[in-house]
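This report refers to the structure that appears directly beneath it.
Each value in this text was obtained by applying a stated rule to the coordinates, not by laboratory testing. Values in this document were obtained by computation on a predicted structure and should not be read as measured data. Here Cβ is always computed from backbone atoms with ideal geometry, including for glycine, and neighbour counts include all displayed protein chains.
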Amino acid sequence: MKSKFAFGAMIGAAGAVISIGLALAGPADDAITARKNCMKAGHGGVMAVAVPIMKGEKPYDAAALKAAYDAEGAACADWSKWWGADTQKGETVKTRAKAEIWTDPKGFEAAGGAWYAAAQKMWAATDEASFKAAFPAVGAGCQGCHEKFRAAE
Ligand code: HEC
């Protein structure tokens with residue numbers, strides 16, 4: 001009986017720690033963490049496969065690209081939920097999102113659209129030549145948005 005009680009007390013203590021964590025973090029943190037994950041793991045994952053191919057350091061690898069595109073699609077699927085006005089600041093998480101996202105929502109949407117249009121061409125590429133022709137516009141799409149809407153570190 002004694003050990004059972006100790007076990008219960010431990011769970012209680014763990015529960016308290018978890019609820020303190022929840023009290024500090026909040027909905028803006030969740031959105032910011034999710035969009036950063038889309039950027040870093042999703043978009044960054046595509047770059048990690050695509051850039052060495054572009055530089056000729058690695059052979060063209062359609063399967064590796066497809067896997068990275070799929071992971072990007074999964075990581076970025078909820079994009080539209082992450083840019084509410086209440087996500088300009090996190091409760092505990094830092095964000096580099098610039099105020100321009102909310103003062104110029106059309107510009108932000110256009111930057112996203114430019115990237116998306118370029119990415120669609122890259123995703124549709126069927127061979128090395130079409131991939132290499134499509135990639136630069138994708139990189140420009142990332143950069144175009146970052147220049148206006150992402151703060152320097
Ligand atoms: C429509 C705008 C937009 C596009 C397109 C875009 N990004 Fe971003 N990116 C942002 C914003 C805004 C942030 C800052 C997010 C934050 O800190 O809340 C960001 C942050 C990042 C980060 C830092 C993530 C972190 O952990 O802090 C990386 C890496 C990144 N982007 C890579 C990319 C790559 C690669 C592409 C293209 C394949 C891309 N992004 C396309 C707007 C964009």
Tell me, yes or no, whether region 36-57 has at least one residue that is among the charged types (D, E, K, R), under 30 Å from E128 (Cα atoms), buried (at least 16 other Cβ atoms within 10 Å of the Cβ) and out of contact with any helix residue (DSSP H, G or I) (no Cβ under 6 Å at 6 or more places or on another chain). yes
Conditions (1) within 30 Å of A28 (Cβ to Cβ); (2) surrounded by 13 or more Cβ atoms within 10 Å (Cβ to Cβ); (3) more than 7 Å from the ligand (Cβ to nearest atom); number of the one not met by C145: (3)
Which of the numbered conditions does V46 fail, given that it passes all the others? Conditions: (1) more than 27 Å from G26 (Cβ to Cβ); (2) away from the ligand (no atom under 13 Å from the Cβ). (2)
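Criterion first (within 11 Å of the ligand (Cβ to nearest atom), surrounded by 16 or more Cβ atoms within 10 Å (Cβ to Cβ), within 18 Å of A48 (Cα to Cα) and not hydrophobic (A, V, I, L, M, F, W, C)) does G139 satisfy it? Please lay out each step first, then the result.
Working: within 11 Å of the ligand (Cβ to nearest atom): yes; surrounded by 16 or more Cβ atoms within 10 Å (Cβ to Cβ): yes; within 18 Å of A48 (Cα to Cα): yes; not hydrophobic (A, V, I, L, M, F, W, C): yes.
Here the answer is yes, as G139 does meet what is asked.
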Counting just the residues of region 85-130 that are among the basic types (K, R) and away from the ligand (no atom under 11 Å from the Cβ), which one comes out nearest to E147 (Cα to Cα)? K106
Can you pull out every residue in region 58-77 that is surrounded by fewer than 14 Cβ atoms within 10 Å (Cβ to Cβ), of a type in the set (A, V, I, L, M) and outside any loop (DSSP other than H, G, I, E, B)? A62, A63, A74
Out of A111, A118, which single residue is buried (at least 17 other Cβ atoms within 10 Å of the Cβ), closer than 20 Å to A50 by Cβ and touching a Pro at 6+ places or on another chain (Cβ under 9 Å)? A118
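In this structure, is D61 more than 29 Å from A97 (Cα to Cα), of a type in the set (D, E) and touching a residue at least 12 places away in the same chain (Cβ under 8 Å)?
Numbers: more than 29 Å from A97 (Cα to Cα): yes; of a type in the set (D, E): yes; touching a residue at least 12 places away in the same chain (Cβ under 8 Å): yes.
Yes; evaluated as a whole, the condition is true for this residue.
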